[in-house]
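Single-structure report; data block below.
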């Protein structure tokens, strides 16, 4: 599974968001806190055995103007 996580460029230096990815209820990734001045983070996670995937974005700051973006989420088949 590949995805980028970040804040919308419109925010400039504002915004603080926590990005989490859960697989079968267990944390696979935790980006906290991501701020508006940071570039998007790209994640590449193996999902063998995962049947339930959750992408969660929550406010990690004042709660105003947090435009969280999950960019280009892709499920990829493993090459054999």
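Derivation of every value follows stated rules applied to the coordinates shown; laboratory data play no part. No experiment lies behind these values; they were computed from the predicted model shown. We place every Cβ from the backbone using ideal geometry, glycine too, and count neighbours over all the protein chains shown.
Under a Gaussian network description of the chain, with springs only between Cα atoms under 10 Å, the residue in 15, 49, 25 that fluctuates furthest is 49. When 16, 41 are arranged by Cβ crowding within 10 Å, least crowded first, meaning fewest neighbours, the order is 41, 16. Here 72, 20 are placed in order of increasing Cβ neighbour count within 10 Å, fewest first, which gives 72, 20. Among 18, 27, the order by Cβ neighbours within 10 angstrom, fewest to most, reads 27, 18. Between residue 37 and residue 74, the contour length at 0.36 nm per residue exceeds the Cα-Cα span by 10.8 nm. Here is the tail figure for region 2-73: Cα pairs spaced more than 19 Å apart come to 31 percent of all pairs.
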